[in-house]
Structures are given as C-alpha cells and as structure tokens.
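*Asks:* Input: one structure, supplied below.
The values are calculated or read from the model by the stated rules, or taken from the named source; none is laboratory data. Small disclaimer: the values here were computed from a predicted structure and weren't measured. Methodologically, a virtual Cβ is constructed for each residue, glycine included, from the backbone with ideal geometry; neighbour enumeration extends over all protein chains shown. These area figures cover heavy atoms from the full protein model, side chains too; ligands, DNA and RNA do not enter into them. Shrake-Rupley method; radii C 1.70, N 1.55, O 1.52, S 1.80 Å.
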Amino acid sequence: KNQVEQSPQSLIILEGKNCTLQCNYTVSPFSNLRWYKQDTGRGPVSLTIMTFSENTKSNGRYTATLDADTKQSSLHITASQLSDSASYICVVSDRGSTLGRLYFGRGTQLTVWP
Amino acid sequence: EADIYQTPRYLVIGTGKKITLECSQTMGHDKMYWYQQDPGMELHLIHYSYGVNSTEKGDLSSESTVSRIRTEHFPLTLESARPSHTSQYLCASSPDIVNVLGASTDTQYFGPGTRLTVL
C-alpha cells in the first residue's frame, strides 16, 4: 500500500534553533517528492521538489534531502523564525500516470516559540 | 503568491441546504483539483479536471459534484449539506507539464481554502 509517514507529529522549538522533519514513504513507482508549508487557515505552499536523481535541494533556510534507496526524506530548517510556525507536509508522486498521483502525509506541526 | 482564489473562506450552514464553493485561478492552468482536509489529517483528493468539460472523481468518495465550463473556474456543489460534510475544502491548480517518462512533475498551487461547517 502506498503511504507517506511523517514524524514527529508535532514539534516545538525556540526561535533561532534548527530542526529536522522526517518523511518515510512506500510509494512505488516513484516520480518526485515535494515539501509543502501550510500556515493555519491557508492552503499549502510548495517549498521544494526533488526527483529520483536529486539528493538535496535548498530554498533559503529550508534544505530537503532525499534517499531514494531507503525511501526517506528530511526537511531541515535553519535558524528558525516565528513565521516558520506551520504544518509541513510531505507529498510523494508516483509515475503511474500523467496525473502524477499524489500521496500526502499528515504533516508535522511545527511551533516556534520566542 | 499563487493567483488562485476561493470563496467563501468560511461558511456555516444548516442541514439540507444547497451550497456552491467557488474556485478560480488566473494562471491559465489546465489542471484543477478539489481536496478535503480534516484537522491533523492528510489531504484527500475528491475531484479533478484536466481541462474544460473534463471532470473526474478522486480517491475519496464525495457526494459533491463539480463542473468545468471555463478554464478559470472549478466550482464544487453540495446539493444537500449534512454535518458529515463539515471540513476544510482546498482547491488547487497546476500547469500541464510532464517529464520524459510521461509523469507529471508540476507543482500544485493551492487556494486559501473554505472552512465549511454544517449544523
């Protein structure tokens, strides 16, 4: 069964600290993996997208890694800010069709305290 | 900031009422989607469209219906709302980009969502 599991479910850190969010998936065949940020009451916004051949991709203070062999990804946030408080969703796409069937994780709820 | 809009943002309505959730995008995207999301849960695809006059049901069974008469608009309708329909509804769109393997690599752009409460 194609699944996307994220951990931890929730995380609280102090402003300025770093953190790493995890995503494990069983989706096969694999096309790409995206990390989205979803602020409370808003729609998700794409942070990064990685294909099979990419191991790491950065977007400002966000760095995503992908290990396609172990089917794991991580999102590392550096020097956290209050505005980083949000849900971070891992989304994996298969390559079974042109629709690119998406499998969503439940997200990690990150709270940054001052 | 994505140019995709949803109205209303919040809706509280009684059981049995007919409602339409609006979604519009100005990016000229062919593909549009409706997702349902409950608190702390993953997004579930309920409808999608490849283009005008094309609509398909998603993975999660839904009593709602959609239409795609114009590229920009993808409204979702509930003929008779029930408390079980209480949820957050997210609309998204994406350009039609595929890689050499024929798989979609496009990013979906999401609207702000409609929080629906049926009493």
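*Asks:* Between the stretch A:1-69 and the stretch B:1-51, how many Å separate their Cα centres?
*Replies:* About 23 Å separates the Cα centre of the stretch A:1-69 from the one of the stretch B:1-51.
*Asks:* Between A:GLN9 and A:ALA79, what's the calculated FRET efficiency when r is the beta-carbon distance and R0 is 22 Å? Round to 0.05. Numbers along the way, then the final one.
*Replies:* Values: r = 23 Å, r/R0 = 1.07.
That gives a FRET efficiency of 0.40.
*Asks:* With all protein chains present, calculate the accessible area of B:ARG82 using a 1.4 Å probe and round the result to the nearest 10 Å².
*Replies:* 100 Å²
*Asks:* Given the options B:GLY51, A:VAL45, B:THR65, identify the residue whose Cα lies farthest towards the positive end of the charge dipole of the protein assembly as shown (+1 on Cβ of Lys, Arg; -1 on Cβ of Asp, Glu).
*Replies:* Of B:GLY51, A:VAL45, B:THR65, it is B:THR65.
*Asks:* For the protein assembly as shown, report the % of Cα-Cα distances exceeding 27 Å. Don't jump to the answer; show the numbers that get you there.
*Replies:* Working: 9288 of 27028 pairs.
Value for the protein assembly as shown: 34 percent of Cα pairs lie more than 27 Å apart.
*Asks:* Which of the lysines could be linked to A:LYS37 by a straight reach, that is with a Cα gap under 30 Å, when you skip same-chain ones fewer than 8 residues away?
*Replies:* A:LYS1, A:LYS17, A:LYS57, A:LYS71, B:LYS31, B:LYS57
*Asks:* Separate question: Restricting to chain A, compute how many DSSP beta bridges are antiparallel as a %, nearest 5.
*Replies:* Values: 40 of 45 bridges.
Here the share of antiparallel DSSP bridges comes out near 90 percent.
*Asks:* May I pose another question? Against the 2.2 N^0.38 Å scaling, with N counting residues, where does chain A land? I'd like the Cα-based Rg ratio to two decimal places.
*Replies:* On the way: Rg = 13.6 Å, N = 114, 2.2 N^0.38 = 13.3 Å.
That ratio works out to 1.02.
*Asks:* To continue, here is another question. Using a 1.4 angstrom probe, figure out how much accessible area the stretch B:1-76 has per residue, in square angstrom, rounded to the nearest whole.
*Replies:* Working: 4010 Å² over 76 residues.
Value returned for the stretch B:1-76: 53 Å² of accessible area per residue.
*Asks:* What are the ³J(HN,Hα) values, in whole Hz, obtained from phi via the Karplus relation 6.51 cos²θ - 1.76 cosθ + 1.60 with θ = phi - 60°, for each residue of the stretch A:81-87 in sequence order, with x given for Gly and Pro?
*Replies:* 10, 4, 6, 7, 4, 4, 9
*Asks:* Given N residues in the stretch B:15-119, what is its alpha carbon radius of gyration divided by 2.2 N^0.38 Å?
*Replies:* On the way: Rg = 13.9 Å, N = 105, 2.2 N^0.38 = 12.9 Å.
Scaled against compact globular proteins, the figure is 1.08.
*Asks:* Could I ask something else about it? Sequence gap at least 6, Cα distance under 8 Å: using those rules, report the relative contact order of chain B to the nearest whole percent. Please report the intermediate quantities before stating the final value.
*Replies:* Numbers: 297 pairs, mean separation 41.5, N = 119.
About 35 percent, as a whole number.
*Asks:* Let me ask another. Which residue fluctuates the most in chain B, going by a Gaussian network model with Cα springs under 10 Å, if the choices are B:SER80, B:SER67, B:SER49?
*Replies:* B:SER80
*Asks:* I'd like the accessible area for B:MET41: 1.4 Å probe, protein heavy atoms, all chains in place, Å² to the nearest 10.
*Replies:* 70 Å²
*Asks:* Using the Karplus curve 6.51 cos²θ - 1.76 cosθ + 1.60 with θ = phi - 60°, what ³J(HN,Hα) values do you get for each residue of the stretch A:11-16, in whole Hz, with x for Gly and Pro?
*Replies:* Residue by residue, the stretch A:11-16 yields 8, 10, 9, 8, 3, x Hz.
*Asks:* Something else: Quantify how strongly other chains surround peptide A:39-49 by giving the mean number of their Cβ atoms within 10 Å of each of its Cβ atoms. Provide the component values of the computation, followed by the final result.
*Replies:* On the way: counts 1, 0, 6, 5, 16, 9, 5, 5, 0, 1, 3.
Mean shielding count: 5.
*Asks:* Compute all pairwise cysteine Cβ distances in the protein assembly as shown, then list the cysteines with no distance under 4.7 Å to another cysteine.
*Replies:* Lacking a cysteine Cβ partner under 4.7 Å: A:CYS19.
*Asks:* While we're here: Which value, in Å² rounded to 10, gives the accessible area of B:TYR48 with a 1.4 Å probe and all protein chains present?
*Replies:* 40 Å²
*Asks:* Using θ = phi - 60° and the Karplus form 6.51 cos²θ - 1.76 cosθ + 1.60, what ³J(HN,Hα) does each residue of the stretch A:61-77 get, whole Hz, x for Gly and Pro?
*Replies:* 7, 9, 10, 9, 10, 9, 10, 5, 6, 8, 6, 10, 9, 9, 10, 9, 10
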